[in-house]
Structures are given as structure tokens and as C-alpha cells.
Amino acid sequence: MRIAVVGAGYVGLVSGACFAELGFETWCIDKDEEKIESLKRGEMPIFEANLEEIVVSNFEQGRLHFTTSMAGGIPQADVVILAVGTPEREDGSVDLDSVFGAGLEVARHLEGTTIIITKSTVPVGTSRSLYRKMREANPVADFETASNPEFLREGEAVMDFMNPDRIVIGVASERSAAILRRLYRPQQLVGVPIEVMSPETAELTKYACNSFLATKVGFINDVSDLCQAVNGDIRQLGRAMGLDSRIGPKFLEPGPGFGGSCFPKDTKGFALMGRDAGAPQKIVEAVIGGNAQRKRELVNHVRAACRGSLADRRVAVLGLTFKPDTNDVRESPALELLPALAAEAAEVRAHDPRGIASIAAVLSIRSIKYCADLWDSLKGADALVILTQWADYRSLDWNLVRNAMRGTVIVDFRNICDPEQVTGCGLDYHGIGVKPAPAKEPAQPSVAAE
Ligand code: NAD
């Protein structure tokens with residue numbers, strides 16, 4: 001079976017590389033010439049664990065091809081996978097221009113029998129609309145469309161693709177179901193369940209999953225605020241809640257609000273679908289509003305921790321990506337906090353292990369300096385703010401931090417620090433959903449840096 005993947009982004013590149021790794025001859029097609037040329041040179045446009053190894057080895061073995069030309073990849077494919085972006089429009093609706101645009105281009109190059117699968121996250125009804133549009137463009141080709149939403153997590157994408165919790169397939173015929181089962185036989189052989197349903201149910205399943213996870217995050221964030229207000233401890237509460245097998249431990253850690261390319265846009269897309277269908281998703285609507293407000297209010301927490309105006313204070317912000325182990329900054333809390341700090345005349349020094357190039361491309365403000373070196377960002381800082389739970393920040397030497405900083409304020413929006421360790425080094429600790437802990441007399445004398 002030969003596969004063409006249209007769109008070589010997070011989903012398309014990982015899917016294409018993994019299908020090649022599983023033995024399928026695969027063409028990755030992207031309209032971005034620079035991206036395709038750099039992939040041919042073995043340079044990855046995104047950071048994902050293990051991706052580079054499998055891209056390079058399958059490319060060298062001739063099983064994985066990169067092209068900008070539909071004519072180069074589509075005619076020989078038995079399965080075409082659409083993995084193009086589906087960004088959010090200003091009104092919260094889903095922009096399907098790339099999906100339909102790519103579908104129409106694909107339609108012109110079809111030969112033989114082809115199944116066109118939508119892996120992009122698309123609103124209910126898209127698979128059938130795509131079929132109608134493609135049929136108009138090519139009345140004679142033998143093709144069907146199907147829905148196969150992707151559930152991979154950035155940062156763990158290769159592992160998730162190879163061994164997902166389940167594979168969801170939405171098909172309009174038994175013929176498509178049989179071809180998709182063959183496509184995913186390698187995963188099925190290692191015990192991955194394959195759930196077959198209608199295209200509409202498959203499309204909705206993806207939105208329902210992301211909306212539910214976002215709801216869990218929104219819920220624990222609200223409970224965390226309550227803990228903070230009444231001297232509870234969200235870390236103990238979250239652990240105890242998670243031990244209930246009906247609830248489970250995942251997505252029960254509070255934070256600065258969810259971001260990324262999926263949760264914000266998919267919750268809005270789901271809410272809009274509900275409203276349009278006369279079945280409003282009231283819980284999800286509340287989650288969307290709560291999350292936006294949470295990100296807007298991050299700066300208030302920093303101001304409160306600093307006990308006053310942020311003007312002329314130097315603030316080190318650690319973590320700019322929306323989660324660790326990716327270079328993706330789309331909708332990241334940093335995009336809200338950094339400009340807010342700058343607007344209050346703070347001097348911002350921001351660090352991230354992988355995300356500096358991505359954020360510098362979209363956020364350029366004179367009072368924000370991006371530091372490639374973590375210690376550069378801390379030098380002379382009045383306050384340190386942790387926004388993303390990168391492993392690099394989990395094991396900081398707090399004595400060295402104290403020596404590098406001018407002030408003593410630590411705001412930990414991920415609760416990754418040990419408050420005892422931090423306060424023991426003479427620093428003031430402000431986690432979320434926990435009582436602030438004032439500095440203790442440091443064990444060793446510290447020398448404040450310039
Ligand atoms: P992305 O922006 O990283 O990649 C999309 C790629 O498609 C880009 O490289 C772009 O150049 C290319 N493209 C657009 N139109 C094209 C066309 N006509 N022909 C060829 N190439 C074209 O997007 P992504 O993060 O991979 O997301 C893709 C889809 O998958 C979205 O619908 C998203 O919601 C969904 N999804 C994303 C994730 C994730 O973690 N990123 C997870 C599950 C599902």
C-alpha cells in the first residue's frame with residue numbers, strides 16, 4: 001500500500017515518517033518549498049523526540065519521499081492523508097480553506113482507486129462535504145473519503161503514533177473500512193483497538209476528547225484558585241482526586257491556562273458546532289471563557305508576588321512553549337504574559353530550551369530580551385516566573401539562582417519546585433493553589449549579582 005500525506009507539519013510529518021518506518025512507501029507533500037528542501041537535507045522543521053532518526057533513515061532507504069508537487073505524490077497513492085492546518089477564524093469557526101483547497105488539488109491527480117483520509121481536526125460533516133467538492137472536480141475518479149482524527153500529543157508524537165490508545169476511523173463504506181484496517185494493521189497487531197464508526201461520529205469524537213481534557217484542566221485550575229483563597233493545597237487535593245479510578249490522575253495539575261494549537265481552537269470549534277446544531281455545549285463554553293481570563297490574569301499574580309508595581313523590575317520568564325518537549329508556542333501562556341509584563345514597563349528576560357526562535361518570530365517587543373542561556377535570563381532579576389515545566393527547570397540549583405538574582409520572588413505557575421528548597425535558599429516562593437512561602441534565612445550567605 002502506498003501513501004501520500006498532504007501537509008508536512010506536526011501531524012503530517014510524524015504520520016508520514018511513522019508510516020514509512022512501518023514499511024509503507026510514503027510521499028510527504030507540502031506547499032512550503034523551504035520546508036521540503038530542509039527535510040531533504042535531513043533538517044527538521046519541528047522538534048520531536050526520535051523524529052529526525054526515522055525521517056533520515058527512511059529517506060535514505062528510499063521509502064520516504066518529500067515533494068512540493070501533487071503530481072509527484074498523488075497518482076501512485078492508494079491512501080491520501082490530509083494533514084493540513086485548520087486554524088481558527090476570528091469568530092471561532094474553523095477555517096477549512098486548506099482542507100478543501102488541498103482536496104481539490106488532490107482530486108485533479110487521482111489515478112486508480114484511492115481513499116482520501118482527513119487527519120486534520122475538522123467539524124462534523126467535513127468528510128462528506130469534501131467528497132462532494134472532490135467529486136465535482138473529478139466526476140470519473142474512483143475514490144472515497146474517510147475521517148481518521150489524530151490524537152497524538154506534541155512532545156510524544158512518534159510514540160503516540162506508533163502505539164496510540166485507540167485509532168478512530170469514520171467511514172461511509174465497508175470498502176474504506178477494510179483499507180483503513182489494512183493501513184493500521186501494524187498498530188492493531190500490538191493490541192491497539194480500532195474503533196470504526198460513521199465519519200460524523202469520528203469527527204465529533206476528536207472534538208469531544210479535546211474538549212473533555214480542556215474541561216479537566218479548567219476545572220482543576222478553578223479548584224486551585226479556591227485552594228489558594230482558603231489555604232488549601234492543590235497538590236495534595238489533586239493527588240487524592242487522581243487516585244479515584246473513576247477520575248484518574250492525568251490533567252489534574254493546575255497551570256497558567258491551556259494553550260497549543262489544539263485545545264483553544266478545538267474547544268471553540270466544538271462550542272460553535274453545538275450552538276449551530278441547537279445543542280449548546282454549556283460546560284465547554286464556560287471552560288473557554290475561564291481559560292482566556294486565566295491567561296489575562298497571569299500578570300496580576302506576578303504583580304501581587306512582587307508586592308507592587310512592575311515598572312522597571314527585571315522579570316525572568318522561564319518557558320515559552322505551551323508545553324515541554326516541543327518548540328511550539330501557538331497560543332502559549334507566554335504570548336499573553338510577556339506583552340502584559342512589557343505593558344507594565346517591566347524589563348523581561350525570557351528563556352526556553354527550544355522555543356526561542358518560534359516566539360521571536362511572532363513576538364518582538366523592545367523590552368523583551370530572549371536569552372539562549374538560562375543563567376543570562378536570571379542575572380539581576382527581581383522576580384523569576386516559571387511558565388512551562390521543562391525538565392531543565394525542575395532541578396535548578398536554588399543557591400545559584402539566589403546568587404544570580406537581585407530580588408527574591410519566585411512565581412511557579414506549574415508547581416514544579418520544592419517550596420522547602422526554594423525558601424531555604426532565601427527566596428520567596430509563590431506556587432499556585434498553595435500558600436505563598438516566605439524566604440528563610442539561607443544556609444549559606446549569598447552574594448547578589450549585578
Ligand atoms: P501545521 O501547521 O504544523 O502543518 C500544516 C502543514 O500543511 C504546513 O506545513 C503547511 O505548509 C501545509 N499545507 C497547508 N496547505 C497545504 C496544501 N494545500 N498543500 C500542501 N501542504 C499544505 O499543522 P499541525 O499542527 O500538523 O495540524 C494539522 C491538523 O492536525 C490540524 O487540523 C490540527 O488541529 C490537527 N491536529 C494537530 C495536533 C498537534 O498536536 N499539532 C494533534 C492532533 C490533530
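The values are calculated or read from the model by the stated rules, or taken from the named source; none is laboratory data. What you see is a predicted model, and the numbers here were worked out from it, not measured in a lab. Using ideal geometry, Cβ is built from the backbone for each residue, glycine included, and neighbour counts are taken over all protein chains shown. Side chains included, ligands, DNA and RNA excluded: accessible areas come from the protein's heavy atoms. Shrake-Rupley method; radii C 1.70, N 1.55, O 1.52, S 1.80 Å.
Take residue 97 and decide whether it is more than 14 Å from the ligand (Cβ to nearest atom), open to solvent by 30 Å² or more (accessible area, probe 1.4 Å) and within 28 Å of residue 137 (Cβ to Cβ). Considered against the rule, which asks whether it is more than 14 Å from the ligand (Cβ to nearest atom), open to solvent by 30 Å² or more (accessible area, probe 1.4 Å) and within 28 Å of residue 137 (Cβ to Cβ), residue 97 comes out as no. Scanning segment 121-175 for residues that are within 12 Å of the ligand (Cβ to nearest atom), open to solvent by 50 Å² or more (accessible area, probe 1.4 Å) and either touching a residue at least 60 places away in the same chain (Cβ under 8 Å) or small (Gly, Ala, Ser) (or both) returns a single hit, 156. Remark: pairs (first residue in segment 337-360, crowded, with 24+ Cβ neighbours inside 10 Å; second residue hydroxyl-bearing (Ser, Thr, Tyr) and not in a loop (DSSP other than H, G, I, E, B); Cβ separation under 7 Å; 6+ apart in sequence or on different chains) = 350/370; 350/377; 351/377. Looking only at segment 180-197, which residues are farther than 19 Å from residue 3 by Cα and either open to solvent by 40 Å² or more (accessible area, probe 1.4 Å) or within 16 Å of the ligand (Cβ to nearest atom) (or both)? Once the filter is applied, which keeps residues that are farther than 19 Å from residue 3 by Cα and either open to solvent by 40 Å² or more (accessible area, probe 1.4 Å) or within 16 Å of the ligand (Cβ to nearest atom) (or both), segment 180-197 yields 189, 190, 191, 193, 195, 196, 197. Suppose we filter 45, 75 for residues that are more than 15 Å from the ligand (Cβ to nearest atom), in a loop (DSSP other than H, G, I, E, B), of a type outside the set (Val, Ile, Thr) and touching a residue at least 12 places away in the same chain (Cβ under 8 Å); which single one remains? Only one candidate passes the filter, namely 75. Inspect segment 266-276 for any residue being open to solvent by 80 Å² or more (accessible area, probe 1.4 Å) and closer than 26 Å to residue 301 by Cα and give the result as yes or no. The answer is no; no qualifying residue exists.
Cβ-Cβ contacts under 9 Å between residues 6 or more apart (or on different chains), taken from a first residue in segment 198-217 that is closer than 15 Å to residue 269 by Cβ and touching a residue at least 40 places away in the same chain (Cβ under 8 Å) to a second residue that is surrounded by 18 or more Cβ atoms within 10 Å (Cβ to Cβ) and acidic (Asp, Glu), are listed as 206/150; 206/266; 207/266; 209/266; 210/266; 211/266; 214/266. For first residues located in segment 429-450 and open to solvent by less than 40 Å² (accessible area, probe 1.4 Å), partners that are modelled with pLDDT under 80 and among the β-branched types (Val, Ile, Thr) and lie 6+ apart or on another chain with Cβ distances below 7 Å do not occur.
Taking the criterion of being of a type in the set (Asp, Glu) and open to solvent by less than 60 Å² (accessible area, probe 1.4 Å), the only residue of segment 286-328 that qualifies is 328. Within segment 8-25, being within 10 Å of the ligand (Cβ to nearest atom), part of a loop (DSSP other than H, G, I, E, B) and either open to solvent by 10 Å² or more (accessible area, probe 1.4 Å) or among the hydroxyl-bearing types (Ser, Thr, Tyr) (or both) holds for one residue alone: 9.
Given 213, 252, 180, which one is at pLDDT 95 or above and touching a strand residue (DSSP E or B) at 6+ places or on another chain (Cβ under 8 Å)? After ruling out the rest, the residue left standing is 180.
Screening 382, 412, 397 for residues that are among the acidic types (Asp, Glu), open to solvent by less than 10 Å² (accessible area, probe 1.4 Å) and at pLDDT 95 or above leaves exactly one candidate, 412. Considering segment 48-60, and only residues there that are in contact (Cβ under 8 Å) with a residue 40 or more places away in the chain and either of a type in the set (S, T, N, Q) or within 22 Å of residue 261 (Cα to Cα) (or both), the residue that is farthest from the ligand (Cβ to nearest atom) turns out to be 58.
Among the residues of segment 347-375, those identified as under 28 Å from residue 49 (Cα atoms), charged (D, E, K, R) and touching a strand residue (DSSP E or B) at 6+ places or on another chain (Cβ under 7 Å) are 349, 369. Considering segment 78-94, and only residues there that are part of a loop (DSSP other than H, G, I, E, B) and more than 9 Å from the ligand (Cβ to nearest atom), the residue that is farthest from residue 331 (Cα to Cα) turns out to be 78.
Listed conditions (1) more than 20 Å from residue 147 (Cα to Cα); (2) free of Cβ contacts under 8 Å to residues at least 60 places away in the same chain; (3) within 13 Å of the ligand (Cβ to nearest atom); (4) not acidic (Asp, Glu) are all met by residue 28, apart from (1).
In segment 212-252, the qualifying residues are those that are farther than 18 Å from residue 154 by Cα, open to solvent by 50 Å² or more (accessible area, probe 1.4 Å) and not in a helix (DSSP H, G or I), and the one that is nearest to the ligand (Cβ to nearest atom) is 249.
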